[in-house]
Amino acid sequence: MDQFVVQPLFGGTDISWYTPTNATLWMAIAVACVAALLVLGTRGRAIVPTRAQSLAELTYGFIYKMVEDVSGKDGVKYFPYIMTLFMFIVFANMLGLIPTSFTTTSHIAVTAVLALLVFVTVTVIGFVKNGTKFLSLFWVTAAPLALRPVLAVIELISYFVRPVSHSIRLAGNVMAGHAVIKVFAGFAAAMGAFSFLPIFAITAVYALEVLVAFIQAYVFTILTCVYLKDALHPAH
């Protein structure tokens with residue numbers, strides 16, 4: 001599991017909040033890649049787009065349609081925030097597939113911050129847009145009156161568990177895939193003439209990880225849209 005160890009960039013072992021680490025380096029690279037694609041890649045605004053501009057436009061349209069379909073017209077104003085989340089996560093996931101790189105989204109410290117930001121944001125939006133009516137999210141009017149208090153407690157618990165499941169799902173899937181690749185790499189080193197078998201397995205798992213890198217970014221983003229929809233339209 002040494003591939004997941006956070007280490008200072010300039011030697012030493014002590015890490016403080018201001019210490020540049022391999023995690024901060026690869027998060028900065030992810031941000032730079034997002035800026036390169038969305039800013040530099042589209043600066044020409046060509047009628048016949050380049051590959052970079054086509055990719056940026058397709059991504060923009062894909063996320064915009066997702067926000068509009070899931071959260072409704074009211075949710076479109078929050079599109080820049082959701083787009084930023086998706087782009088950062090997908091680039092962090094993809095960069096983590098480069099050999100000897102560091103996968104920042106495999107750390108719960110990173111994914112938990114992203115999930116907590118979503119949780120706080122949608123909760124604030126819910127109360128700002130709806131006031132105390134936002135609490136109707138926890139009151140299931142379609143259920144029999146006797147069951148409503150019980151369901152309210154269940155709904156309240158599930159609401160506060162959201163950032164936990166939101167963050168663990170992303171970090172767990174990313175970490176598991178990288179760990180499996182490392183295990184097969186160990187087999188390849190130990191099996192001598194038959195090392196081609198685990199190498200084939202590594203190739204298959206690596207291809208799956210490329211797909212997972214995109215899917216997990218998509219899942220994190222669409223769940224954000226669902227939570228935003230609940231904040232904008234809380235009534236059951």
Under 16 Å from the Phe214 label point (7 Å along Cα→beta-carbon), backbone N, the stretch 48-62: 52, 54-62
Take the alpha-carbon centre of the stretch 53-71, take the same for the stretch 83-124, and report the distance between them in whole Å. 19 Å
The stretch 2-232: translational diffusion in µm²/s, Stokes-Einstein, Kirkwood Rh over Cα pairs, 4 °C, 1.567 mPa s: 64 µm²/s
Do the alpha carbons of any pairs in Lys65/Lys133; Lys129/Lys229; Lys73/Lys129 sit beyond 18 Å of each other, and which pairs? Lys65/Lys133
Pop the C-beta distance of Thr24 and Val164 into the FRET formula with R0 = 22 Å and round what comes out to the nearest 0.05. 0.35
Rounded to the nearest 500, what is the chain's calculated 222 nm mean residue ellipticity when only DSSP H runs of at least 4 contribute -39500 (n - 2.57) each, over all residues? -23500 deg cm²/dmol
Percent RCO, i.e. relative contact order, over the chain, from Cα pairs under 8 Å lying at least 6 residues apart: 26 percent
Rounded to 0.05, the calculated FRET efficiency for the beta carbons of Lys77 and Ile154 at R₀ = 30 Å is 0.45
Taking just the alpha carbons, could you work out the radius of gyration and Dmax for the stretch 103-236, both in angstroms? 20.9, 69
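Readers should treat all values here as calculations from the given coordinates under stated rules, not as data from a laboratory. Treat the numbers as computed from the prediction; the structure is a model and nothing was measured. All Cβ positions, even for glycine, are placed from backbone atoms using ideal geometry, and neighbour counts span all protein chains on display.
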